[in-house]
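Beneath this line is the structure, given in structure tokens, with notes to follow.
Every number here is computed from the coordinates shown, using simple stated rules; none is lab data. Fair warning: this is a prediction, and the values are worked out from it, not measured in the lab. We place every Cβ from the backbone using ideal geometry, glycine too, and count neighbours over all the protein chains shown.
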Amino acid sequence: MLDAVVVGAGPNGLTAAVELARRGLRVEVFEAKDTVGGGARTEELTLPGFRHDPCSAVHPLGIGSPAFRDMPLGRYGLEWLHPELPMAHPFDDGTAAVLSRSVSETAASFGPRDAGTYRRLIAPFLGKWDVLARDFMSLPLTALPRDPLGLARFGAVGLPPYTWLMRRFRDDRARALMAGLVAHVIAPLGGVATGGVGMLFALAAHENGWPLPRGGSQSISDALTAYLRDLGGEVHTGFEVKRLDDLPPARTYLFDTSPTALARIAGLGRAYDGYKYGAAVFKIDYALDGPVPWTAKEPQRAGTVQIGPSSHEIATALAQASGRTAPDTPFLITAQPSLVDPSRAPEGKHVFWAYGHVPNGWEGDFTDAIERQIERFAPGFRDRVLARATAGPPELVARNANYVGGDIACGAARGLQLLLRPKVSLFPYATRHPSVFLCSSAAWPGPGVHGMSGHNAAKAAWRALRRADRG
Ligand SMILES: Cc1cc2nc3c(=O)[nH]c(=O)nc-3n(C[C@H](O)[C@H](O)[C@H](O)COP(=O)(O)OP(=O)(O)OC[C@H]3O[C@@H](n4cnc5c(N)ncnc54)[C@H](O)[C@@H]3O)c2cc1C
């Protein structure tokens, strides 16, 4: 009998498998697709030589992940590449605000009326990423906080809705950039703790940057897989698990799946009926003849470019997508991998990554709306397009069963579900089946390539095994 079986080889499933294998357990992973990676993969989606990330591309949470930092992933080929600027946020007047490694440069880009406010807001947390991330991402209750005061201070700033954060700024340059950061969770901007999301991404830029892995996000998954194999773990691909009986007998099972799929496969009945899925995205991967012709200078050297020139426009787009309407004017998150990694495209050419938000299950074509927004800040963009690969909700679901209705966060990150995932419980990874655990981003700390849901779930499963051994 195996010690542990993991269903799904996304970053959380692979991390869970590694955590158990490094404790000496016999672990096997079963992945539905033909390759490992889930939301961290790289493929030639358009033309030969253009290496695209169909899902995640930029990794502020990956480089800052306590789980990844404890693993020798560099030895297995993972190398972080830092763009000159983590992020730029252009405006209609041809200027841009930036999120730089430097707090001063960031504050200065907000203009004189908000520079001091930003400096004062971020200052108490500088130099504290490691402790804060470990405390924050290990919650709830898998470990006691190492810096309870720091965590409480972050909570005081982060727990109120983002409108509280917005009121501290006087101009829309800072507000739009912060609103864009909050929008990374793909939910209406006004809910509880949304300010904390903005602060987390800003702090991440100053502390560790927003890097991209050399060769694309697949390098993260390949490094985790190679490390797992060295630890004696096995990975089976092309194996979609439909019932628990499909799997070899094991003492414990961890599911890197949606709660809905977990309930169906493990026979948990209506255990997750209350779990909600949120807005979806429409993703486009471009092969370009040259770099994006941004009007403003700053986006020309940024790894990520947010497109949404006012906090109002961004809030409206997120509210529409979270309801039933595709936004008239979408907010876009875009990334420029080949600016830092020439291996991603033939010489002189580029890959470009962009998505906008649409309602869950939406079946239309959002290409024109997205490209009109890009053209607004980069006139002539369309002339550089050699090829594009588009994916709306139906295609995203086909790529990965965890994107229910095209929700790439595997469950709405809004309301209590932002903090208490997948349900209100001190033991979010455990299920009513004593040998079955949830380890995907549907469980705390939620979406992003950081492996912490897998890390925490593996600890919970390992503790349960030790309890069983002790009788
Ligand atoms: C377009 C897009 C852009 C994104 N951008 C970023 C970004 O820039 N930075 C970032 O940090 N995050 C980003 N994300 C989010 C990130 O990819 C996810 O939060 C992360 O991958 C979640 O990891 P996971 O292991 O929980 O699940 P996934 O990565 O979704 O992996 C789940 C795996 O389980 C497999 N599986 C599911 N059901 C079964 C089954 N029944 N049997 C066998 N296998 C199964 C799936 O095939 C998949 O491989 C993005 C996601 C998308 C789609």
For this session: Return the Rg/Rh value of region 44-189, two decimal places, where both radii are evaluated on C-alpha atoms and Rh is the Kirkwood radius.
Result: 1.00
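By the scheme Lys and Arg +1, Asp and Glu -1, what is the net charge of all other residues having a beta-carbon under 14 Å from that of Val449?
Working: positive: Arg41, Arg69; negative: Asp53, Asp222, Asp256.
Once all neighbours under 14 Å are counted, the net charge is -1.
Could you give the length gained by full extension between Asp130 and Trp164, i.e. 0.36 nm per residue of separation minus their alpha carbon distance, to one decimal place? Display every interim value, and only then the final one.
Details: separation 34, 0.36 × 34 = 12.24 nm, distance 2.59 nm.
Gain on stretching Asp130 to Trp164: 9.6 nm.
Quick one: which of 179-191, 24-36 comes out on top by average Cβ neighbours within 10 Å, and what's the full order, highest first?
Values: 179-191: 24.6, 24-36: 19.5.
Sorting 179-191, 24-36 by mean packing, highest first, produces 179-191, 24-36.
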Seminar exercise, completed: Counting sequence-distant residues (5 or more places) and residues on other chains, those with an amide H built under 5 Å from that of Phe239 are Glu31, Ala32, Lys33
Problem set entry | For region 245-350, convex hull of alpha carbons as volume per residue, Å³ | 202 Å³
For this session: Give me the angle, in degrees from 0 to 90, between the Cα long axis of helix 452-470 and the longest principal axis of the Cα atoms of the chain, rounded to the nearest 10.
Result: 10 degrees
Exercise. So what's the net charge close to Ala398: Lys and Arg +1, Asp and Glu -1, counting the other residues with Cβ under 15 Å from its Cβ?
Worked result: -2
For this session: Give me the lysines in straight-line cross-link reach of Lys349: C-alpha distance below 28 Å, same-chain residues under 8 apart excluded.
Result: Lys283, Lys297
Exercise. Listed here are the pairs Lys242/Lys276; Lys128/Lys276; Lys128/Lys423; which of them are more than 26 Å apart at the Cα?
Worked result: Lys128/Lys276; Lys128/Lys423
Seminar exercise, completed: Cα extents of region 289-400 along the principal axes, largest first, in whole Å, come to 42, 34, 22
Problem set entry | Surrounding net charge for Leu78, when Lys and Arg each add one and Asp and Glu each subtract one, Cβ distance under 10 Å | 0
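Starting from the Cα gyration tensor of the chain, multiply each eigenvalue by 5, take the square root, and state the resulting semi-axes largest first in whole Å. Write out the running numbers ahead of the final one.
Numbers: eigenvalues 235, 124, 87 Å².
Taking √(5λ) for each Cα gyration eigenvalue gives 34, 25, 21 Å.
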Exercise. Does anyone have the angle between helix 172-182 and the longest principal axis of the chain? Alpha-carbon axes, 0 to 90°, nearest 10?
Worked result: 20 degrees
Seminar exercise, completed: At q = 0.13, 0.15, 0.20 1/Å the base-10 log of I(q)/I(0) from the Debye formula over the alpha-carbon atoms of region 136-269 is -0.90, -1.04, -1.17
Exercise. Normalized C-alpha radius of gyration of region 1-78, against 2.2 N^0.38 Å?
Worked result: 1.24
Exercise. If you line up the long axis of helix 11-21 against the longest principal axis of the chain, both from Cα atoms, how many degrees apart are they, to the nearest 10?
Worked result: 40 degrees
Exercise. How many angstrom separate the Cα center of region 55-116 from the Cα center of region 427-471?
Worked result: 30 Å
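Quick one: length gained pulling Ala468 to Asp245 fully straight, 0.36 nm per residue minus the C-alpha distance?
Details: separation 223, 0.36 × 223 = 80.28 nm, distance 2.20 nm.
Contour length minus Cα-Cα distance gives 78.1 nm.
For region 197-242, which trypsin sites (Lys or Arg not before Pro) pass both filters: DSSP loop (anything but H, G, I, E, B) and at most 12 other C-beta atoms within 10 Å?
On the way: sites: Arg214, Arg229, Lys242; in loops: Arg214, Lys242.
Taking region 197-242 and a limit of 12 other Cβ atoms within 10 Å, the loop trypsin sites (Lys or Arg not before Pro) found are Lys242.
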